[in-house]
Amino acid sequence: MRQGGVFAAGAAFLIVAGGFVLVSAAGQRAQAKELAPLDTKGDASVRPWKRYDKWPKRDESKFNTLAKISSPPAPKEPRKLSGPIKGDPANGAKLVANRKRGGSCLACHVMGPAGGANLPGNVGPDLSEIGNAKLTDEFLFNYIYDPRVYNAETVMPPWGSHGLFNDQEINDMVAFLKTLKSPAVFKTALDNPEKRPAPVEKRANLDPMENPGMWTIDKAKELWTKTGSTGKSCASCHSNPAAQFKAWASSMPKWEPRLNKVLGVEEFITRHARATTGANYLMETDDNRVLSVYLHNLAEGQPIKVDVSSAAAKAAYKRGEALANRKLGQLNFACTDCHGKSANHWIRGQWLGALKGQYDHFPTWRTSQLVIWDIRQRFQWCQVNIRADELPPDAKEYGDLELYLAAQNGGLKENVPGIRH
Amino acid sequence: MAATPRLKLPSQAKKGDIIEIKTLLPHPMESGQRKGKDGKPIPRKIINKFVCTFNGKPVFTADLEPAVAANPYMEFFAKVEESGTFKFTWTDDDGTVTTAEQKITVT
Amino acid sequence: MRPISRRRALALGAGSAAVAALAWSGNAKATPKDAAEAIAKFTGDKTAEKGKISIELPEIAENGNTVPLKVSVDAPMQADNYVSDILVIADGNPLPRVVTFRFTPMSGKAVASTRIRLATTENIIAVAKTTGGQVFTGQKLVKVTIGGCGG
């Protein structure tokens, strides 16, 4: 973080410590468009960042995050087994269906009668007849233990080498696999992922009768005229937000040279409010979310178009792309594993969409949580759910990732607030 | 501190029309099944009754149980023969009553 | 004391974070007997006729928190014979009764919609009665989906 005042070339503002004072620079020189004042000193979210209370409390520091590489390297060779496997197929049948063990195998595979063939997924091949395939115990064991020794491009987690299952449990699962010799019998057509129709989101998300997310807009309008400690409100400078911000949110996130990072709407709100009205709308607080919904909603229908033309933005995009492809956490998933390689498949009962389509509706109302989530909280949850430690919402890595994601969604129309599960 | 009900119904209609009415009251509908941080159940507190009248006469009523989702939404129909006022009433377990009204001109 | 039923896979694609938001968290569920009792109480033990009552619900619900429901009875609403009540039952919820819609001739149609909570994959049963003494019933299975990533 920069200390003290900042001069941006061609800018008209001097931003001093605390960001409360705006002083027009001495030069009346011809300048580019005025830059919005931003607090560049503090953090934009709570420090120390504490994981949400109701999220799993696992410490996954042993594995990669978007900020660091720490996962153990893939083994170079399959493990040699001393003899045939001794496993309990009944226990194996339970383990493959156990959602508490990182999703379970059924998240990605149909496996005959396992889990009652209740909404299995189809990211991976149907294993219902694998018992007929004459595969060796050693192959089956190692495929579960760490499939990277056979397929460097796999999206399947390294269940053994990342400590999700121990050797005996893997033996039990192998023993179960060897019993699978006939196609799964589904109770209903919906249970068969090959026959299940892809979900189509049809809800009227801008209807306040349908989407409680819309109620935040009334609250945002109240905040807009609320004066902060400086005696100013948003309205003091922005008396006509509907006109002024008609296409603003659709151009975000942006590379911000004063902070040397990509700035998204939520972080912008925090830093800009601090530097103007004095309000401290930290990221992932209710007020911040409400304003983010409002500002995105003002750009309703505008095509998303982020700037990746500058050298710095191009570099951020490249970093974001690399991060989207980095394997994270104990389950060893990259964003692109699910939203690229496995897009348009089912994980258990949930449909995986491609990167394009995962951004235009954020912030969104979540019917399962009964709250608004912004994109940074969505990133955080994805990480925690795949057993990777999350970063604070204003982490620069999230900015890079968001810029990359927004670029993949170029041309899609802003449609906020969304309504989703 | 009652929440503001939301209503969607036409302000005009022809005699004999069957109009569609949509209503929603922001309300958590605490079911009594959830457990708090201390492990103890959070007490039930729901809207248990919804009444729609027209010019004082009952049109549609619903008895709600905890399985009605938060922000209870009710959509139903009414046959209008004359101009008048629809009145909507929501009753909370704790006795609080929230009301809303809307006039309709019927020609 | 009813034993706590094995917690079914609820729509927890968002993992355990969804638990606090869901109305039901692994509590004992109603038995088929409870559902039958609630229905018998409503119909006065009259036999219900199938058909005539339609239930609109998604086949798969993303989560059990808010599932749109519409019930309609194909029957006239005349002053001398109209659908007076429709009872909605969820046979896998902790308590079977969901909502009772009550109509008058001024309703025009015996149609109503709301949003309901489902604890698990279960049957929604609707029972309607008319002032003329008829009873209709219908049923639909709703699958509450299972989230992908597990808890």
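Please treat every number below as a calculation from the coordinates, not as lab data. Computed from a prediction, not measured in an experiment: that's the story for all the values here. With ideal geometry, Cβ positions are generated from the backbone for all residues, glycine too; neighbour counts draw on all protein chains shown.
Using the Karplus curve 6.51 cos²θ - 1.76 cosθ + 1.60 with θ = phi - 60°, work out ³J(HN,Hα) for each residue of region A:367-384 in order, rounded to whole Hz, and write x for Gly and Pro.
Listing the rounded values in order: 6, 7, 10, 6, 8, 7, 10, 9, 5, 5, 5, 5, 4, 4, 5, 3, 5, 4 Hz.
I'd like the orientation of helix A:265-276 relative to chain A: the angle between its Cα long axis and the longest Cα principal axis, in ° from 0 to 90, rounded to 10.
Helix A:265-276 sits roughly 30 degrees off the main axis of chain A.
With θ taken as phi - 60° and the coefficients 6.51, -1.76 and 1.60, list the Karplus ³J(HN,Hα) couplings across region A:46-59 in order, rounded to whole Hz; mark glycine and proline as x.
Karplus values, whole Hz, x for Gly and Pro: 4, 10, x, 5, 10, 4, 3, 3, 8, 7, x, 8, 4, 9.
Taking amide H positions as placed in the peptide plane 1.01 Å from N, state which residues far from A:ILE419 in sequence (5 or more) or on other chains have amide H under 5 Å from it.
Excluding prolines and chain starts, which carry no amide H, the hits are A:TRP365.
For peptide C:90-103, how many partner chain Cβ atoms fall within 10 Å of a residue's Cβ, on average?
Mean shielding count: 5.
By its C-alpha gyration tensor, with a ≥ b ≥ c as the square roots of the eigenvalues, how is the protein assembly as shown shaped: rounded for a/c under 1.5, else prolate for a/b larger than b/c, else oblate?
oblate
Could you please state, rounded to a whole Å, how far the C-alpha centre of region C:87-151 is from the C-alpha centre of region A:183-244?
Answer, in whole Å: 28.
About the Cα centre, and with charges only on the beta carbon of Lys, Arg (+1) and Asp, Glu (-1), how big is the dipole of the protein assembly as shown? Nearest 20 debye, please.
640 debye
With a ≥ b ≥ c taken as the square roots of the eigenvalues of the C-alpha gyration tensor of region A:362-421, please select rounded if a/c is under 1.5 and otherwise prolate if a/b is larger than b/c or oblate if it is not?
oblate
For chain A, what is the mean residue ellipticity at 222 nm derived from helices alone (per DSSP H run of n ≥ 4: -39500 (n - 2.57); sum divided by total residues; nearest 500 deg cm²/dmol)?
One gets -7500 deg cm²/dmol as the mean residue ellipticity at 222 nm.
Treating cross-link reach as a plain straight distance, find the lysines whose alpha-carbon is under 19 Å from the alpha-carbon of C:LYS46, omitting any fewer than eight places away in the same chain.
C:LYS33, C:LYS129
Tell me, what ³J(HN,Hα) does each residue in region A:134-150 have, in order and in whole Hz, if you take phi through Karplus 6.51 cos²θ - 1.76 cosθ + 1.60 with θ = phi - 60° and put x for Gly and Pro?
6, 8, 6, 4, 4, 5, 4, 4, 5, 5, 6, 4, 6, x, 5, 6, 10
Just to be sure I understand: with springs between alpha-carbon atoms less than 10 Å apart, which residue in A:PRO158, A:PRO56, A:PRO193 has the highest mean-square fluctuation in the Gaussian network model of chain A?
A:PRO56
Would you please classify the overall shape of region B:1-86 from the alpha carbon gyration tensor, given that a ≥ b ≥ c denote the square roots of the eigenvalues, rounded means a/c under 1.5, and beyond that prolate means a/b larger than b/c while oblate covers the rest?
Judged from the Cα gyration tensor, region B:1-86 comes out prolate (a/c at least 1.5, a/b above b/c).
With everything on Cα atoms, drop me the angle between helix A:396-408 and the longest principal axis of chain A, reported from 0 to 90° to the nearest 10.
With rounding to tens, the tilt is 80 degrees.
Of the candidates A:ASP400, A:ASP59, A:ASP337, which one comes out as most mobile in a Gaussian network treatment of chain A with C-alpha springs shorter than 10 Å?
For chain A, modelled as a Gaussian network with Cα springs under 10 Å, the answer is A:ASP59.
Which cross-chain or sequence-distant (5 or more) residues have an amide H under 5 Å from the amide H of B:VAL59, H modelled 1.01 Å from N in plane?
Those lying under 5 Å, H to H, from B:VAL59 are B:CYS52, B:THR53, B:PHE54.
Quick one: Cα centre-to-centre distance for region C:32-84 and region A:277-302, in angstrom?
Cα centres, region C:32-84 to region A:277-302: 43 Å.
May I ask which residue of B:ALA70, B:GLY84, B:GLY95 lies farthest towards the positive end of the charge dipole of region B:59-107, with charges of +1 (Lys, Arg) and -1 (Asp, Glu) on Cβ and the Cα centre as origin?
Of B:ALA70, B:GLY84, B:GLY95, it is B:GLY84.
Compute the long axis of helix A:167-177 from its Cα atoms, compare it with the longest principal axis of the Cα atoms of chain A, and write down the angle in degrees, 0 to 90, nearest 10.
Taking Cα atoms only, the helix is inclined about 70 degrees.
Quick one: net charge around B:THR107, please, counting Lys, Arg +1 and Asp, Glu -1 for every other residue with C-beta under 13 Å from its C-beta.
-1
Starting from the amide H of B:HIS27, placed 1.01 Å from N in the peptide plane, find each other amide H under 5 Å away whose residue is 5 or more places distant or on another chain.
B:ASN71
Quick one: net charge around C:ILE55, please, counting Lys, Arg +1 and Asp, Glu -1 for every other residue with C-beta under 9 Å from its C-beta.
So the surrounding residues net to +1.
Which of A:SER309, A:SER233, A:SER71 ends up with the largest GNM mean-square fluctuation for chain A, with Cα atoms connected below 10 Å?
Highest fluctuation of the listed residues: A:SER309.
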